[in-house]
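> There's a structure below that I have some questions on.
The values are calculated or read from the model by the stated rules, or taken from the named source; none is laboratory data. Bear in mind the structure is a predicted one, so any value in this text is a computation, not a measurement. Heads up, the Cβs are rebuilt from the backbone with ideal geometry, glycines too, and the neighbour counts pull from every protein chain shown.
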Amino acid sequence: MNLSQSPMPDAANLPTTTPDGTTRDRAVLLDGKVVSASIREEIAAEVRELIANGGRAPKLVAILVGNDGASETYVASKIRNCGLVGFDSAVERYDASISEQFLLERISLLNDDPGIDGILVQLPLPKHISVQKVTEAIRPEKDVDGFHPVNVGRMVQNLPCFLPATPYGILLLLQHYGIRTEGLHCVVVGRSNIVGMPASILFSRNAEPGNCTVTLAHSRTRDLAGHCRKADIIVAALGKPRFIKADMVKDGAIVVDVGITRVPAPETKSGFRIVGDVDFEAVAPKCSYISPVPGGVGLMTIIGLLKNTLRAARKEVRF
Ligand code: NDP
């Protein structure tokens, strides 16, 4: 295992027993910065090779509807990352007042454009536009977010497909640290179509990472803390800042924090701070591994997207 990662806060400096029974004297940070930089290098090398062999750079088109501040930030970051690995990219911006029909027609044109490999529509969309219709309008072979029912169905059956970018990023993060998940009990908190549900499927698949016994928890779950205390792996994806407390986590657990919530922080320049779903300072000392927010899963989600776009350009997934 790779233990030479970024230092943890002092609070994490306690003996920890990992799910595989080994002990170490401090938790390891699942460092999205380090891992995403390393995978970006690999992707960039593949792009250079594609071009050297007479191919063209993969191309991603992002569609942004309306003026949601967080969406602007996410799309800007995705486009910047495309540039870092040598992809072509474009953003199509539309006013929140556009009709659903207009957006569907636009997607249809992008579907038919052979120069475009991946299409993503940044969520959330204005209320009058159906997320379901838009998701299904993107051709599965260009659905690099992995949200189309064809991709989701193929994921469930462990067939070649585009995996949803966030759970895919989580798997890549664990893989990078050589974490073996086989036989572990994984509790996923949150059952959304884009994070919790697919994460629960991926952790339960007969694959590595995978082969976990999975509990999928949600807002109706009774005794959530009791379920979490039995978990070797907790994936927190509920969107409630610092919800997972130290007394919900057993010693040596692996904790993956997906949450991203902006909380007011008048002391910062932007006026807000990004907080995860885990009470990091209190939980970290009990963990064998823990991902920070920011600097964890968010960066890996973009890597999931880049890897899907590269696979789309290579026509690696056949439908
Ligand atoms: P959703 O709001 O779609 O889903 C939240 C889920 O959490 C629901 O299934 C809900 O249950 C469950 N939930 C809510 N409250 C509780 C509770 N008290 N106890 C147990 N379960 C609860 O969120 P998303 O999945 O879209 O996002 C979750 C978080 O992850 C957000 O903070 C989001 O910003 C972040 N995110 C981060 C990404 C990244 O790249 N790091 C990517 C995508 C999201 P129910 O179904 O019963 O309502």
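> Is there any pair linking a residue in segment 173-186 that is within 13 Å of D31 (Cβ to Cβ) to one that is of a type in the set (S, T, Y) and in a loop (DSSP other than H, G, I, E, B), with Cβ under 7 Å and at least six apart or on different chains, and which?
Between residues of segment 173-186 that are within 13 Å of D31 (Cβ to Cβ) and residues that are of a type in the set (S, T, Y) and in a loop (DSSP other than H, G, I, E, B), the close pairs are L173/S291; L174/T181.
> For C228, only one of the following conditions fails: (1) touching a Phe, Trp or Tyr at 6+ places or on another chain (Cβ under 7 Å); (2) part of a helix (DSSP H, G or I). What is its number?
(1)
> Confirm whether I170 is crowded, with 21+ Cβ neighbours inside 10 Å and within 16 Å of the ligand (Cβ to nearest atom).
Yes: the conditions hold for I170.
> If you go through segment 240-248 one residue at a time, do you hit one that is part of a helix (DSSP H, G or I), touching a residue at least 60 places away in the same chain (Cβ under 8 Å) and within 15 Å of the ligand (Cβ to nearest atom)?
No; the residues of segment 240-248 include none that is part of a helix (DSSP H, G or I), touching a residue at least 60 places away in the same chain (Cβ under 8 Å) and within 15 Å of the ligand (Cβ to nearest atom).
> If you check L184, L159, which single one turns out to be aliphatic (A, V, I, L, M), out of contact with any helix residue (DSSP H, G or I) (no Cβ under 6 Å at 6 or more places or on another chain) and outside the structural domain of A253 (by TED's automatic domain parsing)? Give the steps one after another, and end with the answer.
Details: L184 fails: outside the structural domain of A253 (by TED's automatic domain parsing).
When all the criteria are applied, what remains is L159.
> Still on this model: Inside segment 204-234, can you point out the residues that are of a type in the set (A, V, I, L, M), more than 10 Å from the ligand (Cβ to nearest atom) and surrounded by 15 or more Cβ atoms within 10 Å (Cβ to Cβ)?
V214, A231, I233, I234
> While we're on this one: Collect the residues in segment 199-256 that are of a type in the set (D, E) and within 23 Å of G183 (Cβ to Cβ), keeping them in residue-number order.
E208, D232, D251
> Hey, can you tell me all the residues within segment 175-193 that are near the ligand (Cβ under 10 Å from one of its atoms) and buried (at least 20 other Cβ atoms within 10 Å of the Cβ)?
Filtering segment 175-193 for residues near the ligand (Cβ under 10 Å from one of its atoms) gives 188-193.
Result: V188, V189, G190.
> Could you tell me whether segment 123-132 includes any residue that is of a type in the set (G, A, S) and surrounded by fewer than 16 Cβ atoms within 10 Å (Cβ to Cβ)?
yes
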